[in-house]
Amino acid sequence: MDDLETYAENTWCPGCGNFGILSAFKKAVKKLEERGIEKEKIIITAGIGCHGKIFDYLKLSGLYSIHGRSMATAQGMKIANPDLKVVAFAGDGDAFGEGMAHMIFAAKRNADITVIIHDNGVYGLTTGQYAPTSQKGFKGPSTPKGSIEEPLNPLSLMLESGASFVARGYPVKLDHLTDIIVQAVEHEGFSFVDVLQPCVSFNNTYQKYNALVEVLDHISDNYEKAMAIAKKEDKLALGIIYQAKKPVYHNELYGDFNPIAKRMPREERMGKIKHLLSP
Ligand code: SF4
């Protein structure tokens with residue numbers, strides 16, 4: 001048993017890509033500790049879906065959020081305590097269906113959080129309905145004749161929304177995914193990691209991804225080039241597709257104020273509240 005393991009029984013299907021994400025994340029936490037970020041400073045949240053069970057399998061502080069709201073929860077955590085490193089897990093349905101507005105606004109305001117998407121192109125927990133990143137023609141209980149919609153492209157959407165760190169990983173390339181997560185957590189600003197996650201039960205994409213993925217050999221700070229990489233379909237680039245330095249939301253909001261380090265004494269706080277409420 002490692003020090004991040006919990007007593008929760010793992011109920012993911014054998015072979016699910018989520019196992020790789022869990023392993024990569026645990027390895028990333030170890031590396032972050034070696035680089036001076038204590039695990040007590042890493043706080044997590046998750047939405048609803050198969051991905052959300054990762055919350056139960058990690059012995060870290062956090063708050064289990066609701067469907068599509070882990071990005072909003074993560075932003076609240078960061079505002080409440082800017083000293084924390086906040087990681088939100090979400091599924092593709094969770095993030096780009098129920099939680100789309102939260103995703104776009106977290107990227108737009110460069111909230112200093114990391115969002116890791118378990119992108120399996122299907123609603124797995126509810127047994128295989130098509131999701132925002134399902135391919136056209138995807139067959140499931142809600143699309144028995146095949147989905148007639150084009151899939152969303154999470155990478156180009158996040159680039160367009162203003163994300164300052166956009167990356168893609170694949171659990172089969174475990175060490176590579178680990179490094180991406182380490183850099184995403186260390187990045188100051190909104191870091192987005194889309195993980196190609198095969199769902200062996202309802203959307204088994206291992207063969208397809210094994211044939212299409214290619215590891216990038218550099219990090220781009222050029223927006224147009226990053227967008228071109230994000231939109232490529234003949235190959236699926238893995239790595240940090242874009243990284244830029246931009247003003248970070250909580251710094252813009254607070255300046256040098258830190259609500260934890262410079263906490264007002266209770267009496268002063270109550271006095272201010274009374275003053276605000278007095279007619
Ligand atoms: Fe993984 Fe799919 Fe099983 Fe969910 S249904 S645990 S995503 S393989």
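The values are calculated or read from the model by the stated rules, or taken from the named source; none is laboratory data. Note that the structure is predicted; figures quoted are calculated from it, not measured. Cβ: placed from backbone, ideal geometry, glycine included. Neighbour counts: every protein chain shown.
Summary table
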read-out	value
Looking only at region 16-31, and only at residues there that are without any contact (Cβ under 8 Å) to a residue 60 or more places away in the chain and more than 16 Å from the ligand (Cβ to nearest atom), the one that is nearest to Glu186 (Cα to Cα)	Val29
Boolean, Pro141 is touching a Leu at 6+ places or on another chain (Cβ under 7 Å) and within 16 Å of the ligand (Cβ to nearest atom)	no
Of all residues making up region 61-84, the number that are under 24 Å from Lys26 (Cβ atoms) and surrounded by 17 or more Cβ atoms within 10 Å (Cβ to Cβ)	9
Any hit, region 180-195, residues being farther than 12 Å from Arg168 by Cα, of a type in the set (Val, Ile, Thr) and assigned to a loop (DSSP other than H, G, I, E, B)	no
Residue under evaluation Cys13, criteria (1) within 16 Å of the ligand (Cβ to nearest atom); (2) free of Cβ contacts under 8 Å to residues at least 40 places away in the same chain; (3) of a type outside the set (Val, Ile, Thr), criterion not met	(2)
Scope region 191-221; condition away from the ligand (no atom under 15 Å from the Cβ) and either modelled with pLDDT under 95 or in contact with a Phe, Trp or Tyr (Cβ under 7 Å, 6 or more places away or on another chain) (or both); matching residues	Ser191, Phe192, Val213, Asp217, His218, Ile219, Ser220, Asp221
Among (1) surrounded by fewer than 21 Cβ atoms within 10 Å (Cβ to Cβ); (2) under 28 Å from Lys30 (Cα atoms); (3) among the small types (Gly, Ala, Ser) - the single one Ala163 does not satisfy	(1)
Candidates Ser70, Ser65, filtered to the one that is within 17 Å of Pro154 (Cβ to Cβ) and more than 13 Å from the ligand (Cβ to nearest atom)	Ser70
Lys225 in contact (Cβ under 8 Å) with a residue 24 or more places away in the chain and among the basic types (Lys, Arg)	no
Number of the condition not met by Ser147 [criteria: (1) in a loop (DSSP other than H, G, I, E, B); (2) away from the ligand (no atom under 16 Å from the Cβ); (3) within 12 Å of Ala95 (Cα to Cα)]	(3)
Number of the condition not met by Val213 [criteria: (1) more than 27 Å from the chain's Cα centre (by Cα); (2) closer than 28 Å to Met158 by Cβ]	(1)
Residue match in region 32-43 (condition: more than 14 Å from the ligand (Cβ to nearest atom), assigned to a loop (DSSP other than H, G, I, E, B) and in contact with a Phe, Trp or Tyr (Cβ under 8 Å, 6 or more places away or on another chain))	no
